[in-house]
Amino acid sequence: MGLSVWEVGGFHRRPHLVVIGGGIVGLFTALFHKRSHPRHHVVVLERGPYPSGASVKNAGFACFGSPSELLADIRNEGMDAALNRVEERWRGLNELRAELGDANIGFEGSGGHEIYRTGGPLYPLVAEGFDGLNAALRPIFNGPVFQWSDEMIGRSGLSGVDHLVRTTFESPIDTGRMMETLLRKVSSEGVHFRPNAEVIFMEDGPLGVMISLRDGSHMEAGQVLVATNGYTSSILPDLDVIPARGQVLLTEPIPELALRGTFHVDEGFYYFRDYQGAVLLGGGRNLDVAGETTTNDGTTEQIQFALEDLLRTVILPGREFKIVRRWSGVMGFGATSKAPLIERISPRVSVAVRLGGMGVAIGIRVARKAAALLHD
Ligand SMILES: Cc1cc2nc3c(=O)[nH]c(=O)nc-3n(C[C@H](O)[C@H](O)[C@H](O)COP(=O)(O)OP(=O)(O)OC[C@H]3O[C@@H](n4cnc5c(N)ncnc54)[C@H](O)[C@@H]3O)c2cc1C
């Protein structure tokens, strides 16, 4: 069927920029490019009926790293690299809050915690490095960051835990609201969001980038930004981006739940928080790293059983609970690097991917850097 002259000049006009992937990175990159180039036609192609990647599947932690995670980073990468990443995460969270507004991202301000299980190996390591870590972080946060708060263990109803560290700089958020707000903002500022538009192939040619979609249609763009994170290997198999599935569950509301805020366990391998009177818990990828190196949606008995065991023994000891929801999301990791990959890979194609488990925090900063890479 032929296109009308109005369609050709409107919906089908050649985009200056196509962003592939409508997660936090893709949407913010499109927004920043549109702001600096108001006359450009900017289109976001999203595989799902709405943003359907990790940005709507995560646990909603506005976090910059727990003490055990940060001390491990310092040991593995050195002080400067570890602190730079904390600063990026902290700045990203502040920019996200300023851009979208606390009410619109469900920022609760209820704090973050790390718990140390009885007899576990982490407490001595953290206790030894604790003061040094706080001193190193002080210039970034302009104050003390972590406090020992063992009295909160009982108050939060936890069991099998000997020590607890708290920070007021971390909080749960509602990433569903965050993404809805972002999508509305992007559309209201003139970016075209096209759902159900999965890209299966693209080629950087002399005059533009040819893009083929799953529905058999094709389009040409002046330039392309790939923001498909954990799914990147389906269109760019040679990039160092490894999919990493994370599994999550949600209990039904627990009467008089005392737990408030975000909690990290076992160096971040597990994480939980309160959500509308219920417990949201995720993690356990370390139990089957090979099996979880996948872009498939789904949950496994092994990992869900481990999550339920943590609920029974540590988070809700002696309490009845029912699981009302289970889901998974796909992150993108590098083989060796924890840094995001933001670069031009051919004259008209750039990528902004590999956000690991911290895209809520750094997504907006990655998008700013990606937008700066694009042509005028
Ligand atoms: C279980 C879990 C818990 C997490 N918890 C936290 C947390 O508490 N705090 C935190 O900071 N981070 C967390 N993260 C990480 C964070 O969610 C991600 O780093 C972030 O959302 C990545 O954003 P993104 O835009 O790069 O990718 P995504 O949100 O995955 O966006 C990529 C988009 O591309 C689309 N897409 C893929 N392929 C194609 C294609 N071929 N054509 C068109 N579209 C395509 C996808 O549908 C998706 O919408 C968690 C992640 C998971 C999975």
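Assorted remarks:
- Remark: the chain carries a charge dipole of roughly 1020 debye about the Cα centre, counting +1 on each Lys and Arg Cβ and -1 on each Asp and Glu Cβ.
- The chain: relative contact order as a whole-number percent, Cα under 8 Å and 6+ apart: 24
- Ascending count of other beta-carbon atoms within 10 Å, so fewest first, for R326, R97: R326, R97
- Over the C-alpha atoms of region 39-190, the Rg to Rh ratio, Rh being the Kirkwood estimate, stands at 1.04.
- Exposure proxy order (Cβ contacts within 10 Å, fewest to most) of E292, E7, E256: E256, E7, E292
- When the chain is reduced to its Cα atoms, the Kirkwood hydrodynamic radius in Å: 21.7
- All Cα-Cα distances of region 18-109, cut into 10 Å bins from zero to the largest, leave 14, 33, 34, 17, 2 percent in each bin in turn.
- Surrounding net charge for R214, when Lys and Arg each add one and Asp and Glu each subtract one, Cβ distance under 10 Å: -1
- C-alpha center-to-center spacing [region 278-294, region 51-66] in angstrom: 14
- Subtracting the Cα-Cα distance of N76 and A339 from their residue separation scaled by 0.36 nm leaves 93.3 nm.
- Total formal charge among the other residues, if their Cβ is under 14 angstrom from that of M79, Lys/Arg +1 and Asp/Glu -1: -1
- In straight-distance terms, cross-link reach from K34 covers every one of the aspartates and glutamates whose alpha-carbon lies under 20 Å from its own, apart from those fewer than eight places away in the same chain; here that gives E46, E95, E99, E180, E189, E220, E343, D376.
- Net charge over other residues, Cβ less than 14 angstrom from the Cβ of V145 (K, R count +1; D, E count -1): -2
- Using alpha carbons only, the radius of gyration of region 200-351 set against its Kirkwood radius gives Rg/Rh = 1.12.
- Estimated 222 nm signal from helices in the chain, with DSSP H stretches of n ≥ 4 weighted -39500 (n - 2.57), rounded to 500: -10000 deg cm²/dmol
- Binned Cα-Cα distance frequencies in region 159-224 - 5 Å width, integer %: 3, 12, 13, 12, 13, 12, 8, 6, 6, 7, 5, 3, 1
- A protection proxy built from the mean count of other Cβ atoms within 10 Å ranks the segments 233-244, 27-38, most packed first, as 27-38, 233-244.
- With only Cα atoms counted, region 265-357 has Rg and Dmax values of 16.9, 60 Å.
- Rounded to the nearest whole angstrom, the semi-axes of the ellipsoid equivalent to region 150-264, taken from the Cα gyration tensor as √(5λ), stand at 44, 18, 14, largest first.
- Flagged links, alpha-carbon separation over 22 Å, of K57/K322; K57/K369; K338/K369: K57/K369
- Cβ crowding within 10 Å ranks H192, H16 as H192, H16, fewest other Cβ atoms first.
Bear in mind that the values in this text are calculations on the coordinates, not laboratory data. Note that this is a predicted model, so its numbers are computed, not measured. Virtual Cβ from ideal backbone geometry, glycine too; neighbours counted across all protein chains shown.
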